[in-house]
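Novice: Take this structure first; my questions come after.
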Amino acid sequence: MSQRLVGIDIGGTKIAAGVIDSKGNILAREQLATPEGALGIAAAVAQLLGELDADGGTTVGVAVPGYVSTDHRSVANAANLALKEARLADWIEERADVRAVVLNDANAALWAEFRFGAARGVDNVAMLTVGTGIGGGLLVNGQLVSGAHGWAGEAGHMTVVPDGRPCGCGSRGCLDRYASGTALGHPAATGEDFAELGHWLGYGLSQVAMLLDPDLFLLGGGVSAVGAALTEPTEQRLAALLAERGREQTPPVRLAQLGPDAGFIGAAAYAADLLSGDIPGGVSLVERMGA
């Protein structure tokens, strides 16, 4: 199989596309503004693939901010893109001579970090992407966890305050409402503001820790760019809560390394791994090619 792996990351304002090699190095990149509508998005993806000179039969990973079917073919719901029950893989394949694999964007970012970044070599990882909202991805025994319906890992919609602030998902008191960029409320955030976010993130991570016992927590997304101002209060709160429960070991809280490119990097690598049949066996295409 070609060492040129192609990934697409569909965001609310732009679609980023890139080609990587077997070690995660970016060989080429393109981007377009995100158009309206599912078919417009599919056409834009096809245009980007043409600009990247994707060969016929190329496997393409497509990261989307929403719930993705377990067969990686359709988007059940991506509210920010107005996608609902959208057969995105089919529509892309109809417009370009490729094989498409669709996955959640936080899962794609986690897979990128697992293969090439801050979680490389760590088999049990929980990642939160902290931006306008909170996305999440789970890695258990070296495998992404999508759940029965593709909804697993949505830590941002765990309830942390019963009957708390209303959330766009329709519930109240979600972690998203207390620990996201939106929760900051204003652009001139202070150290105290980030300490407050860390307080709530630490609480949310403690719940994940009790359920899954990960080796590592990763924080990505735009808000994580403040670095220690966010990771330190998060880890302190996490450690205190776990100690209350008799847990002496606290999983470290690290920053993701691959930044905004993680979406298309992880989508590219995951699609190649999945369609080659390597993921169920635990040996990735990337490793076979010498990463």
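Novice: Put +1 on the Cβ of each Lys and Arg and -1 on the Cβ of each Asp and Glu in the chain; which of Gln3, Ala33, Leu83 then has its Cα farthest toward the positive end of the dipole?
Specialist: Leu83
Novice: Sticking with this one: Roughly speaking, what is the centre-to-centre gap between segment 77-91 and segment 184-211 when only Cα atoms are used, to the nearest Å?
Specialist: Distance between centres, Cα-based: 30 Å.
Novice: Based on the alpha carbon coordinates of segment 122-255, what radius of gyration and maximum Cα-Cα distance (Dmax) apply, in Å?
Specialist: 14.0, 41
Novice: Let me ask another. So what's Rg/Rh here for segment 24-94, counting alpha carbon atoms and using the Kirkwood radius for Rh?
Specialist: 0.96
Novice: Note down the magnitude of the dipole of segment 50-132 about its Cα centre, charges +1 on Lys and Arg C-beta and -1 on Asp and Glu C-beta and zero elsewhere, to the nearest 20 debye.
Specialist: The dipole of segment 50-132 has a size of about 280 debye.
Novice: Calculated from DSSP H runs of 4 or more alone, at -39500 (n - 2.57) each and per residue, what is the 222 nm mean residue ellipticity of the chain, nearest 500?
Specialist: -10500 deg cm²/dmol
Novice: Restricting things to Cα coordinates, could you compute the convex hull volume per residue of the chain in Å³?
Specialist: Taking only Cα atoms, the chain has a hull volume of 123 Å³ per residue.
Novice: Please report the relative contact order for the chain, taking Cα pairs under 8 Å with a sequence separation of at least 6, and give it as a percent rounded to a whole number.
Specialist: Answer for the chain is 21 percent.
Every read-out reported here was derived from the displayed coordinates using simple, explicitly stated rules and does not represent laboratory data. Computed from a predicted structure; not experimentally measured. Because the Cβ atoms are built from the backbone with ideal geometry, glycine has one as well, and the counts that use them run over all protein chains shown.
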